[in-house]
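Okay, so here's the structure we're looking at.
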Amino acid sequence: MLRLDTQTGKLKINIYKDKETNVPKGDASISYANIESVDMALEWLNESHIRPGFPIKVEKANFEQKGAEYKPRDVSKVDKIEKSRIKALQER
């Protein structure tokens, strides 16, 4: 089950593109709603083919702090109604 962005209600999928040409590089990050979904993606999707002759590689992300100083990311507050709407979307 994929995670939804709390701000937009869209799936949290990021396809990396070249900054100059805006052409996809062939890498993406996908956020899952729970750890079991990550394990299933690793088991079922790794080394599968998205199309014949186009294998995919699935890996768990490695999170590393970059730079000398820790800078927590901005966390926006979402009201209860919006949270319940997003949760209903995820369950659907």
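Of the candidates 73, 85, the single residue that is surrounded by fewer than 10 Cβ atoms within 10 Å (Cβ to Cβ), modelled with pLDDT under 90 and not acidic (Asp, Glu) is 73.
Entry remark, segment 35-68: residues being surrounded by 10 or more Cβ atoms within 10 Å (Cβ to Cβ), of a type outside the set (D, E, K, R) and assigned to a loop (DSSP other than H, G, I, E, B) number 4 in total. Residue check: is residue 1 surrounded by 10 or more Cβ atoms within 10 Å (Cβ to Cβ), within 22 Å of residue 92 (Cβ to Cβ) and touching a helix residue (DSSP H, G or I) at 6+ places or on another chain (Cβ under 8 Å)? Yes; evaluated as a whole, the condition is true for this residue.
Pairs linking a residue in segment 43-66 that is without any contact (Cβ under 8 Å) to a residue 60 or more places away in the chain and under 14 Å from residue 26 (Cα atoms) to a residue that is surrounded by 10 or more Cβ atoms within 10 Å (Cβ to Cβ) and among the hydroxyl-bearing types (Ser, Thr, Tyr), with Cβ atoms under 8 Å and 6 or more positions apart or on different chains, are 55/48; 56/48.
I'd like the full set of residues that are surrounded by 10 or more Cβ atoms within 10 Å (Cβ to Cβ) and in a loop (DSSP other than H, G, I, E, B), limited to segment 12-33. Correct list: 12, 31, 33.
The values are calculated or read from the model by the stated rules, or taken from the named source; none is laboratory data. Every value quoted in this text rests on a predicted model; they were computed, and no experiment measured them. Cβ sites come from the backbone with ideal geometry, for glycine too, and all protein chains shown count toward neighbours.
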